[in-house]
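Scroll down for the structure; my scribbles are underneath it.
What follows draws every value from the coordinates through simple rules; no lab data is involved. Worth saying up front: this structure is predicted, and the values here are computed from it rather than measured. Methodologically, a virtual Cβ is constructed for each residue, glycine included, from the backbone with ideal geometry; neighbour enumeration extends over all protein chains shown.
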Amino acid sequence: MRVLHVTPYYAPAYVYGGPPRSIAGLCAALARLGVAVDVATTTANGSGAPLPSATAVPVTREAVAVRYFPWSEPRWLWHATGLRRWLKREIAAYDVVHIHGLWHLPGWHAARLARRHEVPYVVSPRGMLEPEALAIRAGRKAVAFAAIERQNLTRAAWLHATSSRECETLEARSLGPPVVLAANGVDVDGLPSADPTPTLNAWNLADRPYVLFLGRVHPIKRLDLLAHAIARLRNRAFRLVVAGPDEGGHRAQLEPLFAQSGVEVVWTGPVDGAAKADLLTAARALVLCSDSESFGLAAAEALAAGTPVIATRTLAWEHLEPSGAGRWVEQTPQAIAAALAELLADPDKARAMGQRGQLLATRLFTWTTSARTIADGYGRLVADAATARAS
């Protein structure tokens, strides 16, 4: 079974946040299950230098063959002329096509060509149909949805949701195809860190507890709410660590808010690998208060690291309260502050929550679990196609 994944960005283009990590994690897990996985993507890397191109000969990443096609001018909707031409030549050779995300030319070309060659395709919207996400450039998206995306979604073999909230969003739209729920996974074996001390020393974090935010510094992440929340706390004997890339200079808008809180803020910039594991493991809590997330990969990573999570109810982390692994609160400074005060005041409670979170991550958020669900879905498509040809 040969499966082609089409995405506008792929590891190591982590400037785009969680999606390139989760897409790469899923592809690698599928390859471990024996699925022949190829990826067609672009060299897009945000405002940084483009990734090295690899077209005729793919790059192998964790047993996955990845072709990186140069980002073409104009850089509009991840335009890549070489990728479009390659899809036109090669897409018929695959048993299934899996498209990640919406609003990009590689996905539009892939859906159109898959239909032309009668290759079944799957779409993972990656949270891009959530109301909060649609509100960004709403006019353009409304036009694109009516003209292109609605047809691409309604004619997909099935749709992939990464959370219960996204599943409900897709089902409420009555697009037609069935919705398959398969959560993103994390590297449970790689977390927690055995010794975070070197990283803590590098950022002068070893002398007092800290609360962690991990993700893009972007307006949709609502770090302004976090600034107002920590300003309400009587306890100032902790630090806030903001770990992630600054998008569009948003950090400069936030710094005055945090300065008013009286709490020291450490801005690390993007982190990955061992440094990310170290920061997650040693944090008193991870806080996420975004307006919208289809999944929230950082939350699953924190749980695997043994760190409790405070997430607002705008995120699909209803698992936290029943499992005792964190707090799922209203998206207000008051509610966030109350949860922070609880965990900062009681390190033993935070440690116990973290231990329960590890059990939750092992049970629900491994890549093997997710990949098996997706691979089973592919298998049904291939079997149905074979039956149709035989008849």
**Prompt:** If you plug each phi of segment 9-17 into the Karplus form 6.51 cos²θ - 1.76 cosθ + 1.60 with θ = phi - 60°, what whole-Hz ³J(HN,Hα) values come out, in order, with x for Gly and Pro?
**Reply:** 8, 8, 3, x, 7, 6, 4, 8, x
**Message:** Looking at the chain as a GNM with Cα springs under 10 Å, which of Ala138, Ala80, Ala277 has the largest mean-square fluctuation?
**Reply:** Ala138
**Message:** Can you find, among Tyr68, Gly215, Ser163, the residue sitting farthest towards the positive end of the charge dipole of the chain, where Lys and Arg contribute +1 and Asp and Glu -1 at Cβ?
**Reply:** Tyr68
**Message:** I need the phi-derived Karplus couplings for segment 57-64: 6.51 cos²θ - 1.76 cosθ + 1.60, θ = phi - 60°, integer Hz, Gly and Pro marked x.
**Reply:** 10, x, 8, 9, 10, 6, 6, 10
**Asked** Which value, in debye to the nearest 20, describes the size of the charge dipole of segment 188-364 about its Cα centre when Lys and Arg Cβ atoms bear +1, Asp and Glu Cβ atoms bear -1, and nothing else is charged?
**Response** 360
**Prompt:** Projected onto the charge dipole of the chain (+1 at Lys/Arg Cβ, -1 at Asp/Glu Cβ, origin at the Cα centre), which of Asn152, Asn184, Ala259 gives the Cα projection farthest towards the positive end?
**Reply:** Asn152
**Item:** lysines with Cα under 27 Å of Lys88, excluding same-chain neighbours fewer than 8 positions away
**Value:** Lys141
**Message:** 5 Å is the cut-off here: which amide hydrogens, built 1.01 Å from N in the peptide plane, fall below it relative to Ala36, excluding neighbours closer than 5 in sequence?
**Reply:** Val3
**Message:** Give the aspartates and glutamates reachable from Lys276 as a straight Cα distance under 18 Å; neighbours fewer than 8 places away on the same chain don't count.
**Reply:** Asp187, Asp189, Asp195, Asp246, Glu301
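What net charge do the residues around Ala202 carry, taking every other residue with its C-beta under 15 Å from that of Ala202, with Lys and Arg at +1 and Asp and Glu at -1?
Net local charge, Ala202 excluded: -2.
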**Message:** Could you derive backbone 3J(HN,Hα) for segment 263-278 from the dihedral phi with the Karplus parameters 6.51, -1.76 and 1.60 (θ = phi - 60°), listing whole Hz in sequence and x where the residue is Gly or Pro?
**Reply:** 9, 5, 10, 10, 9, 8, x, x, 10, 7, x, 5, 5, 5, 4, 4
**Fill in**
Spelling it out for Leu181: with amide H atoms placed in the peptide plane at 1.01 Å from N, the residues 5 or more places away or on another chain with amide H under 5 Å from its amide H are Ala161
**Fill in**
Rounded to the nearest 10, the angle in degrees between the Cα long axis of helix 347-364 and the longest principal axis of the Cα atoms of the chain comes to 10
**Prompt:** Over the chain, what is the relative contact order in whole percent, taking alpha-carbon pairs under 8 Å and six or more residues apart?
**Reply:** 15
**Lys, Arg +1 and Asp, Glu -1 on Cβ, resulting dipole of the chain about Cα centre, debye, nearest 20** = 940
**Under 5 Å, built H, 5+ apart or other chain: amide partners of Trp158** = Val123
